[in-house]
Amino acid sequence: MAGYFGPILAGHNEAFQKTFDPQQIEILDTIARAIIHALKSGHKVLLCGNGGSGTDALHIAAEFVGRFEIERVSLPAIALTADTAAITAIGNDYGYDRVFERQVEGLGQKGDVLIALSTSGKSPNVLKAIAAAKQKGILTVGFTGRDGGAMAGEADHLFLVRSQKTTHIQEMHMIALHGICEVVEQILFG
């Protein structure tokens, strides 16, 4: 049994080594500073994604609203994947490709930050959310993998996991997002 895990763990380690280079770490620092600025200015963080990326959006919103590691006041964050009624109504009335866009239009304000997750960088509903955010003056942050897809040319800041494997991309996203949560807490409350 143990023989199966060696190659699996080697793949995870390779994805980590390829992803967290000085350039990507600088991008994460820029993203964390932007979130800190938004929160200090009375703004919020919006997050969206599909499938596993959607649950990652829920997870990180909960880290901000609840707490990460420091006992502190709640920070405003909304996972656009959380409202089943909104998602199903918008999907039914406008099409699934608009489920995040409509929520950004209704909930987002200039000065907010949108964290958009798509392992391929090609998810139509995530790309439409980015476009809607940009129209409202919301800073857009993309988390993706592979070659970045269309997201690479659309997001204001892009964290790119240098892997073709969805599981590795999602795992590196969570490492990066947890790191952002930690930096935000340390700077604001540490």
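Every number here is computed from the coordinates shown, using simple stated rules; none is lab data. Quick caveat, the model's predicted, so the values are computed rather than measured. Glycine also receives a Cβ, built like all others from the backbone with ideal geometry; neighbour counts cover every protein chain displayed.
Charges at C-beta only: +1 for Lys and Arg, -1 for Asp and Glu. How large is the resulting dipole of the chain about its Cα centre, in Debye rounded to 20? Kindly include the intermediate steps, with their values, before the conclusion.
Working: 16 positive and 20 negative charges, 65 e Å.
For this selection, approximately 320 debye.
Counting only helical runs of four or more DSSP H residues, what would the 222 nm mean residue ellipticity of the chain come to if each run contributes -39,500 (n - 2.57) and the total is spread over all its residues?
-18500 deg cm²/dmol, from helical runs alone.
Rounded, prolate or oblate: which fits segment 46-182 when a ≥ b ≥ c are the square roots of the eigenvalues of the alpha-carbon gyration tensor, with rounded for a/c under 1.5 and prolate only if a/b beats b/c?
rounded
Which one, 176, 109, 7, is farthest towards the positive end of the dipole of the chain when Lys and Arg carry +1 and Asp and Glu -1 on their Cβ?
The residue sitting farthest along the positive end of the dipole is 109.
State whether segment 1-126 is rounded, prolate or oblate according to the following rule on the C-alpha gyration tensor (a ≥ b ≥ c being the square roots of its eigenvalues): a/c under 1.5 gives rounded; otherwise a/b larger than b/c gives prolate, and the remaining case gives oblate.
Oblate.
Could you pull out every one of the lysines with an alpha carbon less than 25 Å from that of residue 40, ignoring same-chain neighbours closer than 8 positions?
Cross-link targets: 110, 134, 136.
Classify segment 43-86 as rounded, prolate or oblate from the Cα gyration tensor: take a ≥ b ≥ c as the square roots of its eigenvalues, call it rounded if a/c is under 1.5, otherwise prolate when a/b beats b/c and oblate if not.
Prolate, because a/c is 1.5 or more and a/b exceeds b/c.
About its Cα centre, how strong a charge dipole does segment 27-116 have in debye, to the nearest 20, once Lys and Arg get +1 and Asp and Glu get -1 at the Cβ? Don't skip to the end; give the middle numbers.
Numbers: 8 positive and 11 negative charges, 61 e Å.
Taking the Cα centre of segment 27-116 as origin, the dipole is about 300 debye.
Taking the Cα centroid of segment 1-74 and of segment 96-138, what is the distance between the two, rounded to the nearest whole Å?
Using only Cα atoms to place each centre, the spacing works out to 18 Å.
Helix by helix through the chain, keep the DSSP H runs that span 24 Å or more along the axis on Cα and average at least 0.5 on Kyte-Doolittle, and give those back in order. The partial results should precede the final answer.
Numbers: long enough: 2-19 (26 Å, -0.17); 22-40 (27 Å, 0.40); 166-189 (34 Å, 0.67).
Sorted by number, the helices that extend far enough and score high enough are 166-189.
Measure up 122/165; 44/165; 18/44 against 20 Å on the Cα-Cα distance and list the ones that go over.
44/165; 18/44
Quick check on the exposure proxy: order 19, 144, 88 from fewest to most C-beta atoms within 10 angstrom. Could the numbers behind the result be given before it?
Working: 19 22, 144 27, 88 12.
So the ranking, lowest neighbour count to highest, is 88, 19, 144.
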